[in-house]
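The block underneath contains the structure these notes are about, expressed in structure tokens.
The values are calculated or read from the model by the stated rules, or taken from the named source; none is laboratory data. Everything numeric in this text was worked out from a predicted model, so none of it was measured. Please note: Cβ atoms are built from the backbone with ideal geometry, for glycine as well, and neighbour counts cover all protein chains shown. Remember, those area values only see protein heavy atoms, side chains included, never the ligands or the DNA or RNA. Shrake-Rupley method; radii C 1.70, N 1.55, O 1.52, S 1.80 Å.
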Amino acid sequence: MLIDAGLPIMVAPSDIDESVIKQRVRSEGGSASQAAAELAEAKAATVSHAHPGQITVGADQILVLEDEQGGKSGSTSLKTGVRRTRPCKHSAARPTG
């Protein structure tokens, strides 16, 4: 979208430990959307420190399948569920607001 609007962009991945944030949010009873929002914020903060003065956009999403959250690599049971269950209830939790 930004490129289509003619804006120059730079992709700069962060090196945060996503599992720490996901585990904390889950232990506090938070939702997948809340975890995705906190991950996006942490990524943006980390990258903005490395590139001061630049506009920084952080983003994340978490796959939710039958109430189980997965990540980039996903859990073994989540992968098995994706292969085994057709059709299944799933969603991608993204930050809201």
* Asked: Mind ordering 56-62, 3-9, 14-20 by average Cβ neighbours within 10 Å, highest first?
  -> 56-62, 14-20, 3-9
* **Projected label distance in nm at Gln23 and His51, using a 7 Å step from Cα toward the beta-carbon** => 3.0
* Largest first, what is the accessible-area ranking of Met1, Met10 with a 1.4 Å probe? -> Met1, Met10
* **Under the Karplus curve 6.51 cos²θ - 1.76 cosθ + 1.60, θ = phi - 60°, whole-Hz ³J(HN,Hα) for the stretch 48-56, x wherever Gly or Pro sits** => 5, 5, 7, 9, x, x, 9, 6, 10
* Asked: Over the stretch 1-56, what is the mean sequence separation of C-alpha contacts under 8 Å (at least six apart), divided by residue count, expressed as relative contact order in percent?
  -> 33
